[in-house]
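So the structure is just underneath, and the comments pick up after that.
The values are calculated or read from the model by the stated rules, or taken from the named source; none is laboratory data. As the structure is a computational prediction, the values presented were derived from the model and not from experiment. In this analysis, Cβ positions are derived from the backbone assuming ideal geometry, glycine residues included, and neighbour counts consider all displayed protein chains.
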Amino acid sequence: MTLALGCIADDYTGASDLANTLTKAGLRTVQTIGVPADDLALPEVDAVVVSLKSRSIPADEAVARSREAAAWLNARGAGHLMFKVCSTFDSTDAGNIGPVTDALRTDAGEAIALVTPAFPETARTVYLGHLFVGAVPLAESPLKDHPLNPMRDSNLVRVLARQSRAGVGLVDLAAVAQGADAVIARLDALAKEGKGAAIADAVLDRDLAVLGAAALTRKVSTGASGLGLGLARALVAAGRVASAAAEADLGGPIGGPAACLAGSCSQATLGQIARAEAAMPVRRLDPARLLSGEDEAGAALAWALERIGAGPVLIASSAGPEDVAAVQAQHGRDAAGHAIEAAMARIAEGLVAHGVRRLVVAGGETSGAVVDRLGLPAFRVGPEIAAGVPVLRTTDRDMWLALKSGNFGGPDFFADALRLMP
Ligand SMILES: Nc1ncnc2c1ncn2[C@@H]1O[C@H](COP(=O)(O)OP(=O)(O)OP(=O)(O)O)[C@@H](O)[C@H]1O
Ligand SMILES: O=C(O)[C@@H](O)C(=O)CO
């Protein structure tokens, strides 16, 4: 298997977002969970997205895991490596976007890497290095209250510079508008100035095609699904993959009980949970009980098992910024986050042990905890539920999943997802 594109994603929902984008753009794509074992049977594909859970771990661990993934992808002949990060640039001054990009770039012998989280389809645009989420700058968006990495600076040149070894420059929209050659020239000039990364502006899909073509002239780039779209278009245009790949045969209906789990505290997910109340029973996890050592996960599981015979259920830990802040003040941000993720994973394990084969999970860290606990090795990518969220089918057993990035999906996401998981 020779890969046109090897991708390393820093969380599982982000990986399925990218796998969805690549599939739609005509690349045969598989999403693996972690670095695959050498004996994992994979179909013939153009792209592999290795999903890591490295967004919110110490930077040195994120670098080590990303390098391991890069080595696996390079051993399969990956023509280009893309490090998939969040379209809202979720990171802290300690990393991990800068340290991982630095490491992958230097390992590949490159002087500079193009970096852009722009993804216009989900209203993430970058102008003069400033990231906009919809109509507002990043630092005024709900991401300012993210439970793990509050984003309080919209200037990504500054944000990335604080977490990078080498300096960071800008490829502005004026250069992008002139086409790939102008972007390549700008990257070369920035590299000569000693910059190791360049934030690239992009406002429209056509900007992504330019950035993809420019990025492909180097071995490593970093971005969100928009960059994936640009890279995929450039690969198809260059004849390096068979375009318009036939839709993968995902297998027939699975049926049986279905459940949804939400650990994301994003505004989008909070709204989707509220809407789900009209469609299915919803149980709110009580973080205070859980963190005080009571068996809240067991109680929620028992609640679900009493109901899943009659239809889907939703269990959510999600809460608004004030409640999240109160829990974090008492128990610490990471301890609270991990305890809630572990509870979700335990609930998922119990649900699957009782026959659930259709599972929707909201939140990247939450999805990571759940998928790890279930021990799922890889997914084929099915139809799109909403921008950035495909239906996934496990390669080793009959199970449907949807792993939703916190901010993605329409108001009725949970019902929309289950409709596409027969
Ligand atoms: N009520 C709560 N109080 C404090 N922390 C919570 C609460 N509910 C969930 N969390 C934690 O908040 C974090 C949410 O992160 P997660 O990645 O799952 O969602 P997200 O960041 O919105 O999604 P994405 O990464 O896909 O954008 C998790 O660590 C989760 O355990
Ligand atoms: O890029 C995005 O916004 C998503 O794929 C994601 O990674 C959110 O966690």
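Has segment 135-143 got any residue that is assigned to a strand (DSSP E or B) and modelled with pLDDT of 95 or more? Spell out how you get there, then give the answer.
Residues of segment 135-143 assigned to a strand (DSSP E or B): 136-137.
This time we only want the ones that are modelled with pLDDT of 95 or more, so: 136-137.
Looking for residues that are assigned to a strand (DSSP E or B) and modelled with pLDDT of 95 or more, one finds at least one in segment 135-143, hence yes.
Name the pairs: first residue in segment 406-420 and closer than 19 Å to residue 366 by Cβ, second residue within 15 Å of ligand 1 (Cβ to nearest atom) and among the acidic types (Asp, Glu), Cβ to Cβ under 8 Å, at least 6 apart or on different chains?
Taking only residues 6 or more apart or on different chains, the pairs are 408/17.
Rundown of residues vs (1) surrounded by 14 or more Cβ atoms within 10 Å (Cβ to Cβ); (2) assigned to a loop (DSSP other than H, G, I, E, B); (3) of a type outside the set (Ser, Thr, Tyr), yes/no style:
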residue	(1), (2), (3)
270	yes, no, yes
275	yes, no, yes
280	yes, yes, yes
301	yes, no, yes
305	yes, no, yes
310	no, yes, yes
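Looking at segment 328-343, which of the residues that are under 20 Å from the mean Cα position of the chain (by Cα) and more than 16 Å from ligand 2 (Cβ to nearest atom) is surrounded by the most Cβ atoms within 10 Å (Cβ to Cβ)?
Looking at the filtered set, the residue picked out is 340.
Is there any pair with a first residue in segment 302-328 that is over 21 Å from residue 289 (Cα atoms) and a second that is more than 16 Å from ligand 2 (Cβ to nearest atom) and among the polar types (S, T, N, Q) whose Cβ atoms are under 6 Å apart and which are 6 or more apart or on different chains, and what are they?
none
Which number in (1) modelled with pLDDT under 95; (2) within 16 Å of ligand 2 (Cβ to nearest atom) marks the one condition that residue 362 misses?
That leaves (1) as the condition not met.
Scan 382, 375, 355, 388 and give me the residue that is away from ligand 1 (no atom under 12 Å from the Cβ), at positive phi and touching a residue at least 24 places away in the same chain (Cβ under 8 Å).
On the way: 382 fails: at positive phi; 375 fails: touching a residue at least 24 places away in the same chain (Cβ under 8 Å); 388 fails: away from ligand 1 (no atom under 12 Å from the Cβ).
Only one candidate qualifies: 355.
Please give the number of the condition residue 117 fails out of (1) within 12 Å of ligand 2 (Cβ to nearest atom); (2) more than 22 Å from residue 169 (Cβ to Cβ).
Just one mismatch for residue 117, condition (2).
Okay, residues lined up against (1) crowded, with 24+ Cβ neighbours inside 10 Å; (2) modelled with pLDDT of 90 or more; (3) under 22 Å from the mean Cα position of the chain (by Cα):
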| site | (1), (2), (3) |
| --- | --- |
| 206 | no, yes, no |
| 210 | yes, yes, no |
| 215 | yes, yes, yes |
| 228 | yes, yes, yes |
| 239 | no, no, no |
| 249 | no, no, no |
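Residue-wise test of (1) within 16 Å of ligand 2 (Cβ to nearest atom); (2) charged (D, E, K, R).
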position: 196; (1), (2): no, no
position: 204; (1), (2): no, no
position: 218; (1), (2): no, yes
position: 226; (1), (2): yes, no
position: 230; (1), (2): yes, no
position: 253; (1), (2): no, no
position: 260; (1), (2): no, no
position: 265; (1), (2): yes, no
position: 274; (1), (2): no, no
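Identify all residues within segment 213-230 that are farther than 16 Å from residue 199 by Cα and in a helix (DSSP H, G or I); write none if there are none.
Residue satisfying the conditions is 229 alone.
Go over the candidates 6, 98 one by one and state the one that is at pLDDT 95 or above and touching a His at 6+ places or on another chain (Cβ under 8 Å).
Among 6, 98, only 6 is at pLDDT 95 or above and touching a His at 6+ places or on another chain (Cβ under 8 Å).
For segment 124-160, name all the residues that are surrounded by fewer than 16 Cβ atoms within 10 Å (Cβ to Cβ), more than 16 Å from ligand 1 (Cβ to nearest atom) and of a type outside the set (Phe, Trp, Tyr).
128, 135, 136, 140, 158
Across segment 161-202, what is the total count of residues that are within 30 Å of residue 323 (Cβ to Cβ) and either within 16 Å of ligand 1 (Cβ to nearest atom) or of a type in the set (S, T, N, Q) (or both)?
Here the count works out to 1.
If I ask for residues that are crowded, with 18+ Cβ neighbours inside 10 Å and in contact with a helix residue (DSSP H, G or I) (Cβ under 7 Å, 6 or more places away or on another chain), which ones from segment 351-362 would you list?
Hits for segment 351-362 are 351, 352, 358, 359, 360, 361, 362.
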